[in-house]
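Below is one structure, written out as structure tokens; comments come after it.
Please treat every number below as a calculation from the coordinates, not as lab data. It should be emphasised that the depicted structure is a prediction, and the values quoted were computed from it without experimental measurement. When we count neighbours, we look across all protein chains shown, and the Cβ atoms used for this are built from the backbone with ideal geometry, even at glycine.
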Amino acid sequence: MRSSLFGCVGICAVSNSAFCRHLPLLVVISTLWMSPVFSAGKTATRVGTLRRYTTLNSIGVEWDIEGDADHDATCRVEYRRSGRSKWSEAMDLLRIDYHGYYNTTKADRRYNMLAGSIFFLRPGTTYQVRLTVQDPDGGGVVEQFEVRTWSRLAIPSDGRRLHVVPGDGGGTGTEVDPFRGLAAADAQAKPGDVFLMHKGDYDRFSPKTSGQPGRRVHWIPAGDGPVDLHHLNIYANHLWLEGFRITRIVEAARNGVRDRINATDIVLRRNRIQGFHYGVLVGRYKATRWVITDNVIIGDKDRRTGKGYGAEHSAGEGVELNHSSHHVVSYNTISKTADGVSYPGRNCDIFGNDIFEVSDDGLEPDSGYGNVRMWGNRIQETHKAGISFQPMLGSPWYIIRNQIVSDTTMFKMRVCDRFVMINNSFIVGKAGVGAAYLLLNCVSRNNIWYNLTHSDYLWIAHVADPKQVDAIRRYTNYPLSESGFLPSWATDLDYDAFGKQKPPPGVFIGDVFGWYDTRAKRQTHFSDVRSFARFLPGVESHGIDIEASSTFENWSLPTDLWRSQPGGKVIDIPPQLITLKAGATSIDAGVALPNIHDNGFTGKAPDLGVHERGQPIPHYGARDDKTLKTHGGYWVLKSER
């Protein structure tokens, strides 16, 4: 006979994890099936295959394990630059036990592992990483390895400089006898070459000559005027493509930049891509090591007329990674698309982007696997959600220091597993998070949640009609039992701030929290975080309540933002910088996390929300030469510069 434990919640305990040495860990008793007692063989941890990879600024780890059925194994993470003696601490790897799905789609396998990332590292640098696994039931091990972050982006000084002008063929590439046309130049390209493209209209370009690892073929503007294209098809590897003005003049040309071969090692930099349904379409599944940075991407949507909304709202992306892995998408200005950035595979960094006026979601990491990292982005005027979880096929994902102002909802929660959100400012026009029981998979610290309207909930976790549960579970990992509405081994939510617009006297249409009460068998709601924390012991015990007027500087967001209607009444808001007012209770109300806060903070503890008061504001979107010079290393730790 099956037995289960409903609502059994433990209290604070001491843990050896690095994360927990900095924060109180709330230990909870998870629901146990068949028997509340595990055998030693099932609970001891046995390590398996260790996968590690890098990007420009990050290291990712996935370490398969067997056993640990009680999910109490931890893995401490330390790192140091090669040649240094002192180790630095990062956040612990997260415990993952998950097989993602969505309707009939399933992840490639079930992942039973410890996984996570190290952030804000120096490009082109060799690092040593030390992992220490501990399990009270047995199986401790220490593993050390060495990896190198991707090389810093730079055009070589020793490559041939060759000149190109518009034309139909010929030329030798000299300044007095330039190649006439990009195809003529491409036919003569060699690894390391730098082609200087002079002003003019080049129609279309389909580069077919590849560079070599460390020796790309470079296409950059000569500096004498705009370099116009109307479509860029990529048929080669190891390319640097910079400075094109790519515009749509034929309706059938739906993609501004399209990868035709699952290309590897492509730098797409400082281009203006305008009027296309898909700005950048990367090759499906197998493309790798793209760096898409400092581009301006303007799609074909128009919320004033309603074009591209309605039934078409979810199609047409700014950057479509197409389920491929190992990419960097940074400092792009993206607008008038369905989603800003979509469909990363694993080990992708998405940061510094300025995303606005989108018909679907700001970031759509749907179907992503482990170590998808989203940090330092500014997102606003999203017609649907700030970030989509539809679904997570793997985990963890990281959401760090993002500023999101969403017209309607913040998270599109569907099928979710472990993710980390730290120091974000989430301002929502309507409903914050539906299916909020999925937040119980999250590690959350130092975030601000604020609802502009009084007529909905910030977090709502409601029980479903039993007749509809099977249909719901096709698209949402709705709880298998009532314990799914209670904290589990995966839950770590604390030190966040919550607030919402106050309703008129005598009016109730929503609250800060709405949750299913497993004891009373009914929905209940809470207007303050203290009441909510008493209801769900171990959740947000240090959370605080806030009001906009006493928290934010220069606050001017409308309370009816959710009423903005494409093709009808459109509510515009200027680019937002959500900063804290002097004396706000959110100042110094957070906790410091290793690696994440290693650049320091101005007071006795980190502030809540995206911007630390007294610290420089990050840059969002495409950078010019001046900004690149002053801001190029913003997201690299001072100790690593």
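Using the rule -39500 (n - 2.57) for each DSSP H run of four or more residues, divided by the residues of the chain, the 222 nm mean residue ellipticity is -1000 deg cm²/dmol. Of Ser330, Gly345, Gln274, whose Cα points farthest to the positive end of the dipole of the range 236-354 (charges on the beta-carbon: +1 Lys, Arg; -1 Asp, Glu; origin at the Cα centre)? In the range 236-354, that residue is Gln274.
Equivalent ellipsoid of the range 112-188: semi-axes from √(5λ) of the C-alpha gyration tensor, largest first, are 53, 14, 9 Å. Each of Cys442, Cys348 was scored by other Cβ atoms within 10 Å of its Cβ. Listed from fewest to most, they are Cys442, Cys348. Of Trp562, Trp489, Trp290, the sequence from fewest to most neighbouring Cβ atoms within 10 angstrom is Trp489, Trp562, Trp290.
As an exercise, use a Förster radius of 22 Å and the Cβ-Cβ distance of Arg160 and Arg260 to find the FRET efficiency, rounded to the nearest 0.05. For R0 = 22 Å, the calculated efficiency reads 0.25. Taking N as the residue count of the chain, its C-alpha radius of gyration divided by 2.2 N^0.38 Å amounts to 0.98. The Cα center of the range 144-173 and the Cα center of the range 510-531 differ in position by 59 Å. In the structure shown, the pairs Lys86/Lys638; Lys301/Lys502; Lys384/Lys521; Lys106/Lys467; Lys412/Lys581; Lys286/Lys626 are assessed against 27 Å; a Cα-Cα span above that value is assigned to Lys301/Lys502; Lys384/Lys521; Lys412/Lys581; Lys286/Lys626.
Scoring 415-424, 181-190 by mean Cβ neighbours within 10 Å over their residues and listing the highest first yields 415-424, 181-190. Taking a ≥ b ≥ c as the square roots of the Cα gyration tensor eigenvalues, with a/c under 1.5 meaning rounded and otherwise prolate when a/b beats b/c, else oblate, which class fits the range 46-149? Since a/c reaches 1.5 but b/c is at least a/b, the shape of the range 46-149 is classed as oblate.
Calculated on the alpha-carbon coordinates, the convex hull of the range 360-405 measures out at 49 cubic angstrom per residue. Entry for the range 277-413 at q = 0.12, 0.18 Å⁻¹: log10 I(q)/I(0) = -0.37, -0.88, Debye formula applied to identical alpha-carbon scatterers, no solvent contribution. Place a point 7 Å from Cα of Gln565 in the direction of its Cβ. Which residues in the range 377-402 have their backbone N less than 17 Å from it? The answer is 383-384, whose backbone nitrogens lie closer than 17 Å to the label point. For the range 501-600, dividing the convex hull volume of the Cα atoms by the residue count gives 202 Å³ per residue. Each residue of the range 556-566 was assigned a 3J(HN,Hα) from its phi angle through the Karplus curve 6.51 cos²θ - 1.76 cosθ + 1.60 (θ = phi - 60°); the sequence is 9, 6, x, 6, 9, 4, 5, 7, 4, 10, x Hz, with glycine and proline shown as x.
Defining a contact as two alpha carbons under 8 Å apart and six or more residues distant in sequence, what relative contact order in percent does the range 46-149 show? Relative contact order for the range 46-149 comes out at 32 percent. Within the range 114-264, the proportion of Cα pairs with more than 19 Å between them is 62 percent. The stretch between Leu480 and Arg130, if pulled fully straight at 0.36 nm per residue, gains 122.3 nm over its current Cα-Cα span.
How much length is gained on full extension from Asn103 to Lys604, taking 0.36 nm per residue of separation minus their Cα-Cα distance? Gain in length upon complete extension: 175.6 nm. Label separation (Lys626 vs Asp203): 4.0 nm, computed from points 7 Å beyond Cα along the C-beta direction.
Ordering Val47, Ile118, Ile96 by the projection of their Cα atoms onto the charge dipole of the range 46-149, which places +1 on the Cβ of Lys and Arg and -1 on the Cβ of Asp and Glu, puts Ile118 at the extreme positive end. Fewest neighbouring Cβ atoms within 10 Å first, the residues Glu78, Glu251, Glu357 line up as Glu251, Glu78, Glu357.
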